[in-house]
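Following: one structure in structure tokens, then a few remarks.
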Amino acid sequence: MTEKDFILESYPLTLSSGQYCWSSPSNIALVKYWGKKEEQIPENPSVSFTLDACKTTTKLSFNKKGGLDNSYSFSVTFEGAEQDNFKPKIQTFFERVESYLPFLKAYHFEIETSNTFPHSSGIASSASGMSALALCLMSLEKELNPEMSSEYFRRKSSFLARLGSGSASRSIEGELVVWGAHKEIPESSNLYGTKYPFEVHNNFKDFHDTILLVDKGEKQVSSTVGHKLMFEHPFADERFKQGHKNLSKLIKIFKNGDLPSFIKIVESEALTLHAMMMTSHPYFILMKPNTLKIINKIWEFREETGLYICFTLDAGANVHLLYPENQAVQIYEFIKNELVAYCQNGHYICDRIGFGAKQLPI
Ligand code: DP6
């Protein structure tokens, strides 16, 4: 599919008001997206586990405007309070998606949003937040075009979510989602995320992700700034090639359930992401001393027990611990006894693989 396929033939705006509500999860990348071209096109393909507990719920209410008002009109509340500081991001999103959603200027929108995870947890809400908003807007487009197929609905939701935040394109479906064209994955696209199409071994079913909140502050480097660091980065080309290769390797690993090889790729991807930040201009160290202490503890524990726990990181200090369901009891004991001490105020979140976004009754 190309961009043009996401523009429907003009349709009448037969609805004057209404409401939709969606809850959409966060996701954690195994092969990382870091570096993009114009229009939110990723430099390399990425793959992620969709999460279950960390999610955003967004209710969108709309009312047709009277007169010839040719601007976007919306209000935003977050957890019940007006949030004008969310507005610029939504304004930019509306500008980027307007050519695909011709009704945007015809309605006034009330966007009410909340997260299941604490706002100041250092967990990015852009993936869950932008995907939830894209889904609400697609519910409106579907009601105006009732013959729309569910596949088109999902693809366009992911396409729009991508224009809000790249990683949001991977939050529509579960359990494993690929975003970015990869030669061995049919249907994979730079424009939207697709469900991973091949066999996945039982070892990866019900995988856990326990998120250790090492530093709950505001992100030191926003993702917009972060991706730009890959322009003229001395190692960028190699890194983008490596993203493709690691995804090829994961295809085999997902099939044969080889957890030691899975761990090598996932941890290397996390450290490479941070290596890119440490070797860009300007350069950043986003790990904190406790991030490193946790990583070393994991390596010692794995050496001693042979259990398959590994870590991944996003663009911050928090640590995502990934481990299989059948070892969860022993590993959770280790987390509680040995790792929680390194979390800010002892805070962590128990999450696991999930199945994607859900529409909620109003
Ligand atoms: C490190 O999706 O937040 O989490 O497209 O600028 O909104 P924008 O970036 P964003 O970048 C996420 C980067 C990452 C890796 C990943 O999720 O693949």
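The values are calculated or read from the model by the stated rules, or taken from the named source; none is laboratory data. Note that the coordinates shown come from a computational prediction; the quantities given were computed from them, not determined experimentally. Cβ coordinates were reconstructed from backbone atoms using ideal geometry, including for glycine residues, and neighbour counts include every protein chain displayed. When the accessible area is computed, the model is the full protein with side chains, heavy atoms only, and any ligands, DNA or RNA have been set aside. Shrake-Rupley method; radii C 1.70, N 1.55, O 1.52, S 1.80 Å.
Annotation: of all residues in region 235-261 being farther than 25 Å from Phe207 by Cβ and in contact with a Ser or Thr (Cβ under 7 Å, 6 or more places away or on another chain), the one that is least open to solvent (accessible area, probe 1.4 Å) is Arg239. Evaluated against (1) over 26 Å from Val340 (Cβ atoms); (2) of a type in the set (Asp, Glu); (3) under 17 Å from the mean Cα position of the chain (by Cα), Glu269 falls short on exactly one condition, (1). Run down Ala124, Ala134 and say which single residue is open to solvent by less than 10 Å² (accessible area, probe 1.4 Å), in contact with a helix residue (DSSP H, G or I) (Cβ under 8 Å, 6 or more places away or on another chain), within 15 Å of the ligand (Cβ to nearest atom) and among the aliphatic types (A, V, I, L, M). Exactly one of Ala124, Ala134 is open to solvent by less than 10 Å² (accessible area, probe 1.4 Å), in contact with a helix residue (DSSP H, G or I) (Cβ under 8 Å, 6 or more places away or on another chain), within 15 Å of the ligand (Cβ to nearest atom) and among the aliphatic types (A, V, I, L, M), namely Ala134. Among (1) free of Cβ contacts under 8 Å to residues at least 40 places away in the same chain; (2) buried (at least 21 other Cβ atoms within 10 Å of the Cβ); (3) assigned to a helix (DSSP H, G or I), there is one condition Met287 misses while meeting the rest; what is its number? Result: Met287 fails condition (3) only.
The single condition among (1) buried (at least 21 other Cβ atoms within 10 Å of the Cβ); (2) away from the ligand (no atom under 16 Å from the Cβ); (3) without any contact (Cβ under 8 Å) to a residue 60 or more places away in the chain that Ser158 does not meet is (2).
The listed residues are Glu218, Glu173, and the only one of them that is away from the ligand (no atom under 15 Å from the Cβ) and not aliphatic (A, V, I, L, M) turns out to be Glu173. Only a single criterion out of (1) assigned by TED's automatic domain parsing to the domain that holds Pro45; (2) surrounded by 18 or more Cβ atoms within 10 Å (Cβ to Cβ); (3) assigned to a loop (DSSP other than H, G, I, E, B) is not satisfied by Thr194, namely (3). The set of residues from region 63-79 being at pLDDT below 95 and open to solvent by 50 Å² or more (accessible area, probe 1.4 Å) comprises Gly66, Gly67, Leu68, Asp69, Asn70, Ser71, Glu79. When Asp215, Asp209 are checked against the criterion of being of a type in the set (Asp, Glu) and surrounded by fewer than 21 Cβ atoms within 10 Å (Cβ to Cβ), a single residue qualifies: Asp215. Residue count for region 8-42 under the criterion of being assigned to a loop (DSSP other than H, G, I, E, B) and within 11 Å of the ligand (Cβ to nearest atom): the result is 4. Quick check, is Gln359 open to solvent by 10 Å² or more (accessible area, probe 1.4 Å) and under 27 Å from Glu112 (Cα atoms)? So Gln359 passes the test. Restricting attention to region 338-352 and to residues that are over 30 Å from Gln19 (Cβ atoms) and among the aliphatic types (A, V, I, L, M), the residue that is surrounded by the fewest Cβ atoms within 10 Å (Cβ to Cβ) turns out to be Ala341. Is it the case that region 109-118 has a residue that's part of a helix (DSSP H, G or I) and not small (Gly, Ala, Ser)? No - not one qualifying residue is present in region 109-118.
Tell me which residues, restricted to region 97-121, are surrounded by 15 or more Cβ atoms within 10 Å (Cβ to Cβ), in contact (Cβ under 8 Å) with a residue 60 or more places away in the chain and within 21 Å of Arg162 (Cα to Cα). Residues satisfying the conditions are Val97, Tyr100, Pro102, Phe103, Asn115.
Taken over region 290-327, the criterion of being open to solvent by 20 Å² or more (accessible area, probe 1.4 Å) and within 19 Å of His208 (Cβ to Cβ) is satisfied by Lys297, Trp299, Phe301, Arg302, Thr305, Gly306, Tyr308, Asp314, Glu325, Asn326, Gln327. Select from region 48-86 the residues that are hydrophobic (A, V, I, L, M, F, W, C), part of a strand (DSSP E or B) and under 22 Å from the mean Cα position of the chain (by Cα) and write down the one among them that is farthest from the ligand (Cβ to nearest atom). My answer is Leu60.
Scanning region 272-317 for residues that are within 14 Å of Ile335 (Cβ to Cβ) and modelled with pLDDT under 95 yields no hits at all.
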